[in-house]
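Below: the structure, in structure tokens.
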Amino acid sequence: MISAGDRIEKIKEIAFSGRAYTVELKLRDGNVYAYFTIEEEYPQIEITKAYGVIGIDLNAYPNHIAWTETDERGGLISYGEIPMPELGSGNSNKRDYYTWIYAHKVISLAKEKGKAIAVEKLKMKKNKGGDYSGRKVRRIQHSFAYKKLLERIKLLAKRNGIEVIEVNPAYTSIIGMLKYAPQYMVSKDVASAYVIARRGLGLKEKVPKNYMELIKRLSIKELKELKEYVKEKVKNAYLKAKHIKEIENLIKSLGSEPWRISKPLEGTSLDTRFNPWRVLKVVVLTALSPERVIRDLSVLKDILFRGLWGDPKRARAPTAGGGGGGLCENTGYF
């Protein structure tokens, strides 16, 4: 509690600061309260992305902040997690208090590393879909605690002269899961934070060569087999309808424009019908884990580096003449 003497000193400080301020008087319970508002002056930005970025993935599973540190070229240097169980329970005052605690931890990390902070921009137009980031962004937007956490990270960064870069959230989760989680053997949340950091540096993500080879060898027959597999495995009605529709779109696109689907589009494209990342999400992740988001992505490593897919005991690279690499006869997978 601030003492009466401290309040008087604070009023004097505001009055004689030479800065513009406003005063609002409110009558409450027979008492008059004065509310002073003064524009805050921030120091000059000194910690920038010149030496790299700290990528932050908020609301990571189950309740933590995932972060990665990059150099100025986007190379991964270090990564970690900041547990924050308090934001998932307790009263609003407690959660509000802890948003400040965790925001300070993020700022301390950025100051220690001497790097700018990259976060996902939440004020986006309605996402057309395409990966899990759309749902993630909407979840954060509707969570008071997480919005407060992001606001306070940005505020404290201003007070400490740290650059904050807000990036497009589209496909960060899918790119992280497919490209960087198996490459560095990290969690999908850390991988997502790495994509955010690289995007903060202005870098774009292209689909790895072996994934493109997998897409090019898809046939309508294989996609129809995948559709039947998902129908059989998926129990949740919402997910079933969503995944089946995505696969049907792929079948139609292959039937009408067989090569358009394999164009090397950038991962930041919002073209949800023909974006390679979206294709891979359906063909790879839906097949491996149709009922939920897959957590162990080490199974993708052989595809990413060696071009092998299918049943691990029978994995084989695609033949030079095409074909091959299709759905395995005894698994129903690719």
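Taking the stretch 104-141 as the range and being modelled with pLDDT under 65, of a type in the set (D, E, K, R) and in a helix (DSSP H, G or I) as the test, the residues that pass are R135, K136, R138, R139. Take the conditions (1) at pLDDT 75 or above; (2) in contact with a helix residue (DSSP H, G or I) (Cβ under 7 Å, 6 or more places away or on another chain); R260 misses just one of them, which is (1). Restricting attention to the stretch 61-103, the residues that are modelled with pLDDT of 95 or more and hydroxyl-bearing (S, T, Y) add up to 4.
When the stretch 70-124 is filtered for residues that are among the charged types (D, E, K, R) and buried (at least 21 other Cβ atoms within 10 Å of the Cβ), the ones remaining, listed by number, are K115, E120.
Taking the numbered list (1) assigned to a loop (DSSP other than H, G, I, E, B); (2) basic (K, R); (3) modelled with pLDDT of 75 or more in turn, R292 passes all entries but (3). For A170, the criteria (1) crowded, with 19+ Cβ neighbours inside 10 Å; (2) within 17 Å of T68 (Cα to Cα); (3) within 13 Å of the chain's Cα centre (by Cα) hold in every case but one, which is (2).
Look through the stretch 21-60, keep the residues that are in a strand (DSSP E or B) and at pLDDT 95 or above, and return whichever of them is surrounded by the most Cβ atoms within 10 Å (Cβ to Cβ).
Selected residue: G55.
For the stretch 161-175, state whether one or more residues are touching a Phe, Trp or Tyr at 6+ places or on another chain (Cβ under 9 Å), of a type in the set (A, V, I, L, M) and assigned to a helix (DSSP H, G or I). There is at least one residue in the stretch 161-175 that is touching a Phe, Trp or Tyr at 6+ places or on another chain (Cβ under 9 Å), of a type in the set (A, V, I, L, M) and assigned to a helix (DSSP H, G or I). Go through the stretch 183-201 and give me each residue that's surrounded by fewer than 22 Cβ atoms within 10 Å (Cβ to Cβ) and either assigned to a helix (DSSP H, G or I) or modelled with pLDDT of 95 or more (or both). Across the stretch 183-201, the qualifying residues are Q183, Y184, L201.
Here the condition is being at pLDDT 80 or above, loosely packed, with under 13 Cβ neighbours inside 10 Å and at negative phi; of K235, K224, K206, K245, it holds for K245 alone.
The values are calculated or read from the model by the stated rules, or taken from the named source; none is laboratory data. Small disclaimer: the values here were computed from a predicted structure and weren't measured. We place every Cβ from the backbone using ideal geometry, glycine too, and count neighbours over all the protein chains shown.
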